[in-house]
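*Asks:* One structure coming up, written as structure tokens, with questions to follow.
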Amino acid sequence: MNRQDGPRRPYDVVLFGATGFVGELTAAYLLAHAPRACRLALAGRSGEKLERLRERLAGADPLRAAEVALVTADAGDPAAMRELAESAHVVASTVGPYIRYGEELVAACADAGTDYLDLTGEPEFVDTMYVRHDPRARATGARLVHSCGFDSVPHDLGVYFTVLQLPDGVPLRVDGFVQARGLISGGTLASSLTIAGRARQALAAARERQRYEPRPASGRRVRVPAAGPRFSRETGTWALPLPTIDPTVVRRSAVALERYGPDFRYRHYASVKSLPLALAAPAGVGALVTAANVPPLRAWMTKLYPPGRGPDAERRARSWFRVRFVGEGGGRRVFTEVAGGDPGYGETAKIFAEAALSLALDDLPETSGQVTTATAMGDALTERLRAAGIRFRVAAEC
């Protein structure tokens, strides 16, 4: 059985982890925006929670909610994950931290030729999944697409969009500047603590990946150097190095796509208006790393704000993000922008759902194995997100 099996698979998209905070937002978006002919299923560990979720979703569209299947499955049960993967063309998972709960489903999708996507920002998980499951996914035709939320779609597709505004076949330079306002959920906090507490394991996984990962084609160079803090005249803000998974995702897109030119460089920054805030930010990061590596502090933080909790609708409505890009090459310079609402939850649910629908329904490039959003869905997903209200625009060019 493979992902070309057509109607023999009962579902087009299965959302796994639908009863979690981001999962429920994604489920509501899918029910509201997926074509009626798209066969949806909501999956999770608790059948009772799934039933209650469907009751809540029925308030907006009772008939659509009644059509959605419910599937009970546990992330730690290989047989259940295999059955889930074999039932769908696309499985979208919100079940994290992924390094603890994610591998059985990735393995099952790679074996079954099922497209898989998630919201992980955990480099260790992405690198480990590449080493263990990319070869099998390439053989079966499965597309394994990680980091399909605010990490890292606005940045990956934003750089891709910027590159398309610049001349082809010349060296290109792009800088990204991220601004956002919003609160995190308990699940995001748990994942952040996991990342901060597993730096040694993450480094080992990255080194292991380097043994297998292909290099740019002969004659091409792709660089994502460590970015130092500086004042950015382009944005009028302090630019601080932002140590997220985003620049790594951009680099992998640039390696895969020749449109990024023979010599490509990307730098990734947080954009901060206030100098005192810029000075305080490293201390905040240091405090998080300390807490992640002191078990009593880690347990206290997790208990204080457990997975399943997140900002309410009123707070999400006041949240926003903006990523500005400065691209140069071939004698041209462009300023582009990707912007939207609540980055962590409202827009992440929208991005994640549209990415799942793109994999299931759009005419996409022939790819397989572990791929990025720019590589797998590029133009199609960009247009979907623009239609959904996320802004991709050229602010200026010279």
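*Asks:* Would you please calculate the Kirkwood hydrodynamic radius of the chain over all C-alpha pairs and express it in Å, rounded to one decimal?
*Replies:* 21.4 Å
*Asks:* Multiplying the sequence separation of Val394 and Arg332 by 0.36 nm and subtracting their Cα-Cα distance, what value in nm do you get?
*Replies:* 21.0 nm
*Asks:* Moving on to the next point. Considering only Tyr130, Gly369, Ala355, whose Cα is most displaced toward the positive end of the charge dipole of the chain, charges sitting on Cβ of Lys, Arg (+1) and Asp, Glu (-1)?
*Replies:* Value computed over the given set: Tyr130.
*Asks:* If you place +1 on the Cβ of every Lys and Arg, -1 on the Cβ of every Asp and Glu, and leave all else neutral, what size is the dipole of the range 147-259 about its Cα centre, to the nearest 20 Debye?
*Replies:* The dipole magnitude comes to about 440 debye.
*Asks:* State, to one decimal in nm, how far the label point of Arg64 lies from the label point of Ala199, with both points 7 Å from Cα in the Cβ direction.
*Replies:* 4.5 nm
*Asks:* Starting from the Cα-Cα distance between Ala206 and Arg315, subtract it from 0.36 nm times their residue separation and give me the gain in nm to one decimal.
*Replies:* Stretched fully, the Ala206-Arg315 segment lengthens by 35.6 nm.
*Asks:* With a/c under 1.5 counting as rounded, go ahead and sort the range 141-185 into rounded, prolate or oblate using the C-alpha gyration tensor (a ≥ b ≥ c being the square roots of the eigenvalues; past the cut-off, prolate if a/b is larger than b/c, else oblate).
*Replies:* oblate
*Asks:* I've got another one for you. Computed FRET efficiency, Cβ-Cβ of Arg8 and Ser46, R0 22 Å: what is it to the nearest 0.05?
*Replies:* Computed FRET efficiency for Arg8 and Ser46 comes out at 0.20.
*Asks:* Put a dot 7 Å past each Cα toward the Cβ at Arg386 and Arg223; how far apart are the dots in nm?
*Replies:* Going by the 7 Å Cα→Cβ label model, 3.2 nm.
*Asks:* Right, here's the next one. Once every DSSP H run of n ≥ 4 in the chain is given -39500 (n - 2.57) and the sum is divided by its residues, what mean residue ellipticity at 222 nm do you get, rounded to the nearest 500 deg cm²/dmol?
*Replies:* -13500 deg cm²/dmol
*Asks:* Right, another one. Where only protein heavy atoms count, and the probe is 1.4 Å, what is the accessible area per residue for the chain in Å²?
*Replies:* Heavy-atom accessible area per residue stands at 44 Å².
The values are calculated or read from the model by the stated rules, or taken from the named source; none is laboratory data. It should be emphasised that the depicted structure is a prediction, and the values quoted were computed from it without experimental measurement. Please note: Cβ atoms are built from the backbone with ideal geometry, for glycine as well, and neighbour counts cover all protein chains shown. In case anyone asks, the SASA skips ligands and DNA or RNA and just uses the protein heavy atoms, side chains included. Shrake-Rupley method; radii C 1.70, N 1.55, O 1.52, S 1.80 Å.
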